[in-house]
Every structure is written in C-alpha cells, then in structure tokens.
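> Take a look at the following structure, please.
The values are calculated or read from the model by the stated rules, or taken from the named source; none is laboratory data. On a predicted model such as this, the values are computed, not experimentally measured, just so you know. Backbone-built Cβ (ideal geometry, glycine too); neighbour counts: all protein chains shown.
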Amino acid sequence: MDQPKHVLVVGCLVRNDAGQVLLIRHHRRGWEIPQGRVEEGEDLLTAARREVLEETGVTVELGPLAAVWSKLTPPTALIFNFLATWRQGNLTSSEECPELGWFTSEEALLKVTHPVNRDRLQTLLDFDGSIVYRAYTPKPYQLVVDTFLT
C-alpha cells in the first residue's frame with residue numbers, strides 16, 4: 001500500500017508594534033501572508049520562523065497556532081497558520097517576493113484577493129483563542145469542513 005503524501009505548509013499572520021499586518025506579494029497568487037513549505041526533517045515552528053525570515057527579512061516571535069487547513073485535491077496539503085509578532089529586522093524584498101509591506105487589517109483585506117488566502121487572512125484576523133480547522137477544494141474554492149479543534 002502506498003503511503004499518503006501531503007505537502008506541509010506553514011504561514012504566519014505577523015503584526016508589528018503598531019498592530020499592522022505584514023503581507024508579501026507572490027508572483028502568481030498576489031498578496032498574502034508569509035507562508036511556505038516545511039522542509040524534510042524540519043519542525044513546524046522552525047519552518048514558520050524560517051519562511052518569514054526568508055520572504056521578508058524580519059524575525060518574529062511565534063504566538064499560538066490559530067488555524068489548520070487541509071487542501072483535499074492534489075497536491076494535497078496541510079497548512080498550519082500561526083500568529084506572530086515582529087521582533088527585529090527591516091523588510092527586504094526578494095526575487096520570490098518583489099513587494100511587501102505593513103498594512104492595517106482593513107488595507108490587508110482589500111489587498112488579498114485570492115479566495116483561499118483571503119479566507120485565511122480573515123480567519124487569522126478573527127482569531128479568538130479557538131483553533132479553526134477547515135478542509136477545502138480550491139477550484140472553485142469550497143469549504144468541505146469548517147469547525148474548531150478547541
């Protein structure tokens with residue numbers, strides 16, 4: 001029997017001292033929170049900090065796990081989203097992320113137009129201490145499961 005294969009992804013809703021949200025602009029998906037794949041043998045927390053640093057040039061202090069998504073169509077993925085606080089560093093664009101910036105929550109919601117990423121952003125902005133779990137199909141974006149883990 002073949003072992004199931006899932007891509008593991010981490011993302012962070014990062015806020016600065018002014019309460020602004022950090023967004024990056026991806027070439028295909030547009031504006032989104034910093035996120036990326038967990039490398040083989042890497043733990044989720046290390047991956048989350050690494051992805052933010054690689055994509056933005058800043059270091060963060062991780063807060064709580066706020067949401068988990070399951071992408072049900074190939075390539076299947078489990079996406080773990082954390083809240084985080086900016087600690088140090090200046091925003092630095094890269095080939096992967098040509099634009100990035102700090103935005104109010106309202107501005108961020110206007111910038112993030114990809115349906116999956118907009119739902120993630122709204123869910124993270126609305127975090128009340130209960131971890132959200134959602135399973136979805138992406139084209140068109142449709143929730144299959146929408147519940148809480150705690």
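> Among the numbered criteria (1) buried (at least 17 other Cβ atoms within 10 Å of the Cβ); (2) of a type in the set (A, V, I, L, M); (3) under 11 Å from the mean Cα position of the chain (by Cα), which single criterion is violated by Ala47?
Result: Ala47 fails condition (3) only.
> In addition: Within region 32-39, is there a residue that is modelled with pLDDT of 95 or more, surrounded by fewer than 15 Cβ atoms within 10 Å (Cβ to Cβ) and more than 13 Å from the chain's Cα centre (by Cα)?
Checking region 32-39: at least one residue is modelled with pLDDT of 95 or more, surrounded by fewer than 15 Cβ atoms within 10 Å (Cβ to Cβ) and more than 13 Å from the chain's Cα centre (by Cα).
> Taking the stated definitions as given, is Val145 modelled with pLDDT of 95 or more and farther than 25 Å from Asp17 by Cβ?
Yes, satisfied.
> Looking only at strands (runs of 3 or more DSSP E) that lie completely in region 60-150, which have at least 2 residues being loosely packed, with under 13 Cβ neighbours inside 10 Å and either free of Cβ contacts under 8 Å to residues at least 24 places away in the same chain or of a type in the set (A, V, I, L, M) (or both)?
Numbers: elements: 77-88, 99-103, 132-138, 141-148.
Once the strands (runs of 3 or more DSSP E) in region 60-150 are filtered for at least 2 residues that are loosely packed, with under 13 Cβ neighbours inside 10 Å and either free of Cβ contacts under 8 Å to residues at least 24 places away in the same chain or of a type in the set (A, V, I, L, M) (or both), what remains is 141-148.
> Which of the residues belonging to region 22-59 are part of a strand (DSSP E or B) and hydroxyl-bearing (Ser, Thr, Tyr)?
Thr59
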